[in-house]
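Participant: This is the structure, below, for whatever I ask next.
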Amino acid sequence: MNSLRWPQNARCAVVVTVDFNDEHGILTQEPRIAGREKSLSVWRYGAKRGVDRVLDALEEFDVRSSWFVPGRVAETHAELVKRIDAQKHEIGNSGYRCEDFDTLTLDTQKDAFRAGQAALEQVLGRRAQGFRSFIGNWAPGFADFLRDEGVTWSSSWRGDDLPYFHLPDTDGARTTPPLVELPLHYELEDEPYFAYNLSPAVPVGQPRIPSYREVLANWKHDFAAFHRFGLCFVLRLHPEIIGTAGRIDVLRELLADMRTRDDIWFATGAEMAAWWQQNVDGNEPGHPVEVYARHRQEAQ
Amino acid sequence: MPATDMNPDAPRWPEGNRSCVALAFDLDGPTGDAMLDSSIWNNPSYFTLGSYGPWRALGRLLDMLADRKVPATFFVPAWVVENWPKQCAAIVERGHEIGYHGYRHEAFWTLDRDGQRAVMERSAEVFDKYLGIRPVGFRTPSGDWGPDTIRVLMEAGVRYSSSMRGDDRPYLLHAPGIAEPMVEIPGRWEMDDYASLAYHRNPNFPASLDRIASYDTTLDNWQREFDGSHRDGLCLTTLFHPKVSGKPGRIALLESLIDHMHAQGGVWFATCRGVAQWWLDSHASPTPQEARR
C-alpha cells in the first residue's frame, strides 16, 4: 500500500477531528467529578473559549475538519454548533452524552445513537454521517446498525495507519456500502498529553503537564513520518484542551508545518470515507479487523 | 566520546570489536493479560491497537533493519505467528532470529511446571508448522519466571534467555542437575520503549496514565545508554516493541539510534543467538562466581 496515491495526487492525507464533548466526556470518564463546579469548568471552557480558538486556527490554515458533538451538547450549545456547521466543518455523532458503550447493551447503544441523531437533526436539519464511540468500542451488530442508519464512517478503533472497512457482523444482505474506519493513534490525540485536573485527579496518577514544545516536536515527527510513508494522519483534538490561549499555538504551528508541503490532502471524515469506498476494494488479507472477528466468534 | 582505556575486566567481542549490540523486539501483537482472561474479545479498540505491531509496524522495521544492514532478534508469542504467518515468515526470510515469548504472552512465574511445559510445547509446534524453525532463545513474557522455569526451558531446547535485568553483559545460568549452562543476556528497563513511549487506555498503561515522553529526549536517553555501554565494552540489548517504537513517527528514532551506533565504529551487531554462542564458546568453563549468579 506504500504506492497509494490520495486525491489531488497527494502523498499523505490529514483528517482533523475535534471532540466537542463539553462536560459529558469527563462525566463518563470520571463520574466522581459530578457536582464539582470548579473541576467541571475545566471542561466547560471548551464551549466558553476553546471552540472559537480552534475554529479560528482551522480557518487561518484553510482546513475543513470533522467535529463530534454529543446530542446533549447540540441542545445546550445550539448556536455554537450551528456556527461550526456554518464554517463548513462536518458534524458527527458521539451518542447523546458520550456514553460508555462498554456498559451498554446493543439496544441501549442504539438508543444513545438515535438520541444523538435526533438532537443533531433538530439543530442542523440533517443527520450525521460520522460516528465516534467515546470509549472506542461497541457491541457486535452495532457496525451494521450504523450502516443501516446511513452512517458512512467511524473513527473509534485502532490498528492501522490507513482507513479500513468494518466487517458485516450480522446476517442479512445490505445494499449500503461498508462502514469505513479512520483509525486512531493515542500519540495523535491532545487529551493523553494535556488533560489535567487536581481532584478528582485527571489523569489518575497525577503526572505533570508536559512540555508544549516537546509535544509539538512529537507531532511534527509523527506528521513527517505519516507523510514519508504516505499514510492517513487522523488528529483528535478537544476544544477545552488545545483551545487555550497558550496551546492553540501548538496546533497553529503544527498546521503551519503541514501547510509547508503541497502534497497533503486535507479531508473531512465523510470525504475520506467516500473516497475510500470508491477506490479501495476491500481490506488486505489478515487485517486485524478480520482476525478479531474470527476469534470473537470462536470465543462466544 | 573521550578516549578511555578499556577496563581489563570488560568482555571480549569478535573481531576486536569494542562492544556488542543485540537489537531485540518483542512482537507481542494483541496477546497478553486481556487475551488470557478473554476480556479482549469485548475490546476491539485494544485488540486492534496491539495488532498494529505485526500488521503494520513489523514490515517497516524489517525495511529499516535491511537499510542499515543490522540483524535483530524477535521474540514472538506463537499466537501471533498463527495469525500473521506471512508477516512472521518475513522475519526469518530477511535473516533475523525468532525466539520464544509464550503462546499468548503467559506470565511464566504464575504457571506450574506442567503449565510452562505446555506453553513451550505448543509454541514449538507452531514455530515448526508455520515457519519450519526450532528457536533456541527465550524471553519470558512479563520478565519474571519461576523456580522451575530454567529446567523447563533447557528441556525444551532453549540455550539462552534474555529475561533478566541485573547485569549489563551476558552471564551463565545453571539448572540443577544439568551440566550444560544457559546463557542469560540481560536487558535494561532504560532500553524498554514501554518505559517512555507506550500508552493505552482501558486497560490503562501506564497505570498512572503518565504522558508519552518526548521523542527527542527519549532518543537522547537511548544514545547515552549506548554510549556508556560502548565505552565500557558491554552488551546492549533492547526491549523494543513494534507496536510502540515501530509506529510511523518513531521509526526515525530507531534509525537515528542505529546510525549513531554505526558512527562510533567497533560495534558488533549480532542476534541474541549469536551473542549466546559467542559467550558459551569463550566462557566454556564457568568460574564458581559465575555459576552462583
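The values are calculated or read from the model by the stated rules, or taken from the named source; none is laboratory data. All values reported here derive from a predicted model rather than from experimental measurement. For neighbour counting, all protein chains shown are included, and Cβ atoms are generated from backbone atoms with ideal geometry for every residue, glycine included.
Participant: Consider B:PHE226 against the criteria (1) under 27 Å from A:PHE194 (Cα atoms); (2) out of contact with any Gly (no Cβ under 9 Å at 6 or more places or on another chain); (3) crowded, with 21+ Cβ neighbours inside 10 Å: it satisfies all of them except one. Which criterion is unmet?
Facilitator: (1)
Participant: For the subset of segment B:252-269 comprising residues that are in contact (Cβ under 8 Å) with a residue 40 or more places away in the chain, in a helix (DSSP H, G or I) and away from every other protein chain (no Cβ under 14 Å), which member is surrounded by the most Cβ atoms within 10 Å (Cβ to Cβ)?
Facilitator: Among them, the one singled out is B:MET261.
Participant: Given the options B:ASP63, B:ASP37, B:ASP28, B:ASP33, name the one that is among the acidic types (Asp, Glu) and within 10 Å of another protein chain (Cβ to nearest Cβ).
Facilitator: Working: B:ASP37 fails: within 10 Å of another protein chain (Cβ to nearest Cβ); B:ASP28 fails: within 10 Å of another protein chain (Cβ to nearest Cβ); B:ASP33 fails: within 10 Å of another protein chain (Cβ to nearest Cβ).
The conditions single out B:ASP63.
Participant: Suppose we keep only residues that are polar (S, T, N, Q) and touching a helix residue (DSSP H, G or I) at 6+ places or on another chain (Cβ under 8 Å) within segment A:183-219. Which one would you say is farthest from B:PRO44 (Cα to Cα)? Write out each step before concluding.
Facilitator: Start the filter on segment A:183-219 by keeping residues that are polar (S, T, N, Q), which leaves A:197, A:199, A:206, A:211, A:218.
Filter once more, keeping what is touching a helix residue (DSSP H, G or I) at 6+ places or on another chain (Cβ under 8 Å): A:197, A:199, A:218.
Numbers: A:ASN197: 29, A:SER199: 31, A:ASN218: 26 Å.
Looking at the filtered set, the residue picked out is A:SER199.
Participant: Quick one: is A:THR103 among the hydroxyl-bearing types (Ser, Thr, Tyr) and without any contact (Cβ under 8 Å) to a residue 24 or more places away in the chain?
Facilitator: Working: among the hydroxyl-bearing types (Ser, Thr, Tyr): yes; without any contact (Cβ under 8 Å) to a residue 24 or more places away in the chain: yes.
Yes; evaluated as a whole, the condition is true for this residue.
Participant: Please go through (1) within 12 Å of chain B (Cβ to nearest Cβ); (2) of a type in the set (Val, Ile, Thr); (3) surrounded by 18 or more Cβ atoms within 10 Å (Cβ to Cβ) for A:THR268 and return the number of the only condition it doesn't satisfy.
Facilitator: Going through (1) within 12 Å of chain B (Cβ to nearest Cβ); (2) of a type in the set (Val, Ile, Thr); (3) surrounded by 18 or more Cβ atoms within 10 Å (Cβ to Cβ) one by one, A:THR268 breaks only (1).
Participant: I've got another one for you. Residue check: is A:TYR186 more than 7 Å from chain B (Cβ to nearest Cβ) and under 30 Å from A:TYR292 (Cα atoms)?
Facilitator: On the way: more than 7 Å from chain B (Cβ to nearest Cβ): no; under 30 Å from A:TYR292 (Cα atoms): yes.
No: the conditions fail for A:TYR186.
Participant: State the number of residues belonging to segment B:208-228 that are within 14 Å of another protein chain (Cβ to nearest Cβ) and in contact with a helix residue (DSSP H, G or I) (Cβ under 9 Å, 6 or more places away or on another chain). Outline the logic, then answer.
Facilitator: First, pick out the residues of segment B:208-228 that are within 14 Å of another protein chain (Cβ to nearest Cβ): B:208-221.
Subsequent filtering for residues that are in contact with a helix residue (DSSP H, G or I) (Cβ under 9 Å, 6 or more places away or on another chain) retains B:209, B:211-219, B:221.
Of the residues in that region, 11 qualify.
Participant: Evaluate segment A:192-201: report whether one residue or more is more than 7 Å from every other protein chain (Cβ to nearest Cβ), closer than 13 Å to B:ILE212 by Cβ and not acidic (Asp, Glu).
Facilitator: Yes, the conditions are met somewhere in segment A:192-201.
Participant: Test A:ASP171 against the criterion of being out of contact with any Cys (no Cβ under 7 Å at 6 or more places or on another chain) and either touching a residue at least 24 places away in the same chain (Cβ under 8 Å) or buried (at least 16 other Cβ atoms within 10 Å of the Cβ) (or both), and give yes or no.
Facilitator: Spelling it out, it is not the case that A:ASP171 is out of contact with any Cys (no Cβ under 7 Å at 6 or more places or on another chain) and either touching a residue at least 24 places away in the same chain (Cβ under 8 Å) or buried (at least 16 other Cβ atoms within 10 Å of the Cβ) (or both).
Participant: Next question, about the same structure. Go through the residues of segment A:204-217 one by one and say whether even a single one is surrounded by fewer than 22 Cβ atoms within 10 Å (Cβ to Cβ), within 12 Å of another protein chain (Cβ to nearest Cβ) and in a strand (DSSP E or B).
Facilitator: Taking every residue of segment A:204-217 in turn, none turns out to be surrounded by fewer than 22 Cβ atoms within 10 Å (Cβ to Cβ), within 12 Å of another protein chain (Cβ to nearest Cβ) and in a strand (DSSP E or B).
Participant: Just one of A:ASP22, A:ASP62 is at pLDDT 95 or above, surrounded by fewer than 19 Cβ atoms within 10 Å (Cβ to Cβ) and under 21 Å from A:THR244 (Cα atoms); which is it? Walk me through how you get there before you give the answer.
Facilitator: On the way: A:ASP22 fails: surrounded by fewer than 19 Cβ atoms within 10 Å (Cβ to Cβ).
Only one candidate qualifies: A:ASP62.
Participant: Another one. Tell me which residues, restricted to segment A:144-168, are free of Cβ contacts under 8 Å to residues at least 60 places away in the same chain, among the hydrophobic types (A, V, I, L, M, F, W, C) and in contact with a Ser or Thr (Cβ under 8 Å, 6 or more places away or on another chain). Before you say what the answer is, go through the steps one by one.
Facilitator: Filtering segment A:144-168 for residues free of Cβ contacts under 8 Å to residues at least 60 places away in the same chain gives A:144-151, A:154, A:156, A:158, A:168.
Cutting the leftovers down to among the hydrophobic types (A, V, I, L, M, F, W, C) gives us A:145-146, A:151.
Answer for segment A:144-168, where residues must be free of Cβ contacts under 8 Å to residues at least 60 places away in the same chain, among the hydrophobic types (A, V, I, L, M, F, W, C) and in contact with a Ser or Thr (Cβ under 8 Å, 6 or more places away or on another chain): just A:LEU146.
Participant: Among helices (runs of 4 or more DSSP H) lying entirely in segment B:16-101, which contain 3 or more residues that are more than 15 Å from the chain's Cα centre (by Cα) and small (Gly, Ala, Ser)? Spell out the reasoning first.
Facilitator: Numbers: elements: B:33-36, B:44-52, B:58-68, B:78-83, B:85-93.
Where helices (runs of 4 or more DSSP H) fall fully within segment B:16-101 and carry at least 3 residues being more than 15 Å from the chain's Cα centre (by Cα) and small (Gly, Ala, Ser), they are B:44-52.
Participant: What single numbered condition from (1) closer than 19 Å to B:HIS105 by Cβ; (2) within 23 Å of the chain's Cα centre (by Cα); (3) surrounded by fewer than 24 Cβ atoms within 10 Å (Cβ to Cβ) fails to hold for B:PRO11?
Facilitator: The single condition B:PRO11 does not satisfy is (1).
Participant: Only one of A:VAL291, A:VAL250, A:VAL234 is crowded, with 18+ Cβ neighbours inside 10 Å, within 14 Å of another protein chain (Cβ to nearest Cβ) and in a strand (DSSP E or B). Can you tell me which?
Facilitator: On the way: A:VAL291 fails: in a strand (DSSP E or B); A:VAL250 fails: in a strand (DSSP E or B).
That would be A:VAL234, the only listed residue that is crowded, with 18+ Cβ neighbours inside 10 Å, within 14 Å of another protein chain (Cβ to nearest Cβ) and in a strand (DSSP E or B).
Participant: May I pose another question? Across segment B:141-153, what is the total count of residues that are crowded, with 21+ Cβ neighbours inside 10 Å and either within 19 Å of B:GLY274 (Cα to Cα) or charged (D, E, K, R) (or both)?
Facilitator: Adding up the residues that qualify gives 1.
Participant: Only one of (1) under 27 Å from B:HIS174 (Cα atoms); (2) buried (at least 21 other Cβ atoms within 10 Å of the Cβ); (3) touching a Phe, Trp or Tyr at 6+ places or on another chain (Cβ under 8 Å); (4) not hydrophobic (A, V, I, L, M, F, W, C) is not met by B:GLY249, so which one is it?
Facilitator: Unmet for B:GLY249, out of (1) under 27 Å from B:HIS174 (Cα atoms); (2) buried (at least 21 other Cβ atoms within 10 Å of the Cβ); (3) touching a Phe, Trp or Tyr at 6+ places or on another chain (Cβ under 8 Å); (4) not hydrophobic (A, V, I, L, M, F, W, C): (1).
Participant: On the given criteria, is A:TRP67 under 16 Å from the mean Cα position of the chain (by Cα) and closer than 30 Å to A:ASN283 by Cα? Working first, answer last.
Facilitator: Working: under 16 Å from the mean Cα position of the chain (by Cα): yes; closer than 30 Å to A:ASN283 by Cα: yes.
For A:TRP67, the condition - under 16 Å from the mean Cα position of the chain (by Cα) and closer than 30 Å to A:ASN283 by Cα - is met.
Participant: Looking at A:THR176, is it closer than 27 Å to B:TYR52 by Cα, without any contact (Cβ under 8 Å) to a residue 60 or more places away in the chain and away from chain B (no Cβ under 14 Å)? Before the answer, list the steps.
Facilitator: Working: closer than 27 Å to B:TYR52 by Cα: no; without any contact (Cβ under 8 Å) to a residue 60 or more places away in the chain: yes; away from chain B (no Cβ under 14 Å): yes.
Answer is no for this residue.
Participant: Do we have any residue at all in segment B:107-119 that's surrounded by fewer than 17 Cβ atoms within 10 Å (Cβ to Cβ), among the acidic types (Asp, Glu) and more than 23 Å from B:ALA24 (Cα to Cα)?
Facilitator: Yes, segment B:107-119 contains at least one residue that is surrounded by fewer than 17 Cβ atoms within 10 Å (Cβ to Cβ), among the acidic types (Asp, Glu) and more than 23 Å from B:ALA24 (Cα to Cα).
Participant: Say whether the condition of being free of Cβ contacts under 8 Å to residues at least 24 places away in the same chain and either away from chain A (no Cβ under 14 Å) or at positive phi (or both) is met by at least one residue in segment B:229-251. I'd like the intermediate steps shown before the answer.
Facilitator: Of segment B:229-251, the ones free of Cβ contacts under 8 Å to residues at least 24 places away in the same chain are none.
The answer is no, given that none of the residues of segment B:229-251 is free of Cβ contacts under 8 Å to residues at least 24 places away in the same chain and either away from chain A (no Cβ under 14 Å) or at positive phi (or both).
Participant: Could you list, ordered by first residue, the pairs with Cβ atoms under 6 Å in which the first is in segment A:190-210 and under 17 Å from A:LEU237 (Cα atoms) and among the hydroxyl-bearing types (Ser, Thr, Tyr) and the second is modelled with pLDDT of 95 or more and surrounded by 15 or more Cβ atoms within 10 Å (Cβ to Cβ), at least 6 apart or interchain?
Facilitator: A:TYR193/A:PRO210; A:TYR193/A:VAL215; A:TYR193/B:ARG211
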